[in-house]
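Quick note: the coordinates plus some simple rules give every number you see, no bench work behind them. Just so it is clear, the model here is predicted, and its values are computed rather than measured. With ideal geometry, Cβ positions are generated from the backbone for all residues, glycine too; neighbour counts draw on all protein chains shown.
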Amino acid sequence: MSARWDEELTELVTSRGRALVGYGYALTGDVRRAEDLVQDALVRVFRRFRRPEAAGVEGRTEFPLTDEGSRAGIEAYVRRTMLNIYFDETRRFALWRKAQPKVATAGEVKAPASDITARADVTAALRGLSPRQRACVVLRYYDDMTVPQIATTLGVAQGTVKRHLADGINALRGVLATEGNLL
């Protein structure tokens with residue numbers, strides 16, 4: 001029995017919704033924006049299947065089944081769509097970000113008192129990176145992708161990815177440095 005596109009969507013949101021929001025949060029640093037990012041990506045991916053002629057045989061999507069019978073390709077496609085939407089948003093607001101006032105920060109960050117403050121520090125530090133640097137850092141350390149995989153995903157040269165990773169890590173080191181510990 002094959003699942004219809006609306007059942008596939010429901011299954012994806014039920015089983016992987018939190019992971020998708022977590023991925024969106026790693027990109028945006030804001031829960032509400034992450035939830036919006038997931039919703040926008042789901043709408044983009046699944047809207048074409050609302051028309052019967054686009055849904056294919058028996059209303060199924062064209063995403064292939066894995067060996068376990070799940071449609072893991074859907075999640076990967078949604079994640080890629082989320083990344084594209086994130087880049088689109090950052091490009092749109094690039095001028096606004098340049099005009100945004102900078103907030104003064106302490107010269108040295110004290111050691112985190114708990115995991116919560118550590119996460120908040122990392123999130124704040126990620127916000128300070130450029131969109132490309134942030135995407136490279138998230139793909140490398142959150143999605144555990146290699147440099148060639150990141151280059152393929154973003155459609156840039158490996159050297160560009162290495163530069164963005166190096167610049168991003170250096171920026172994070174400056175913000176997240178603690179007594180005796182460096183990132």
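Computed values, structure above
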quantity: Segment Arg48-Ala76, extension gain: residue separation times 0.36 nm, minus the distance between their alpha carbons; calculated: 8.3 nm
quantity: Full-extension gain in nm, Thr123 to Arg163, via 0.36 nm per residue minus C-alpha separation; calculated: 12.3 nm
quantity: Förster radius 25 Å - calculated FRET efficiency between Arg91 and Arg173, Cβ distance, rounded to 0.05; calculated: 0.40
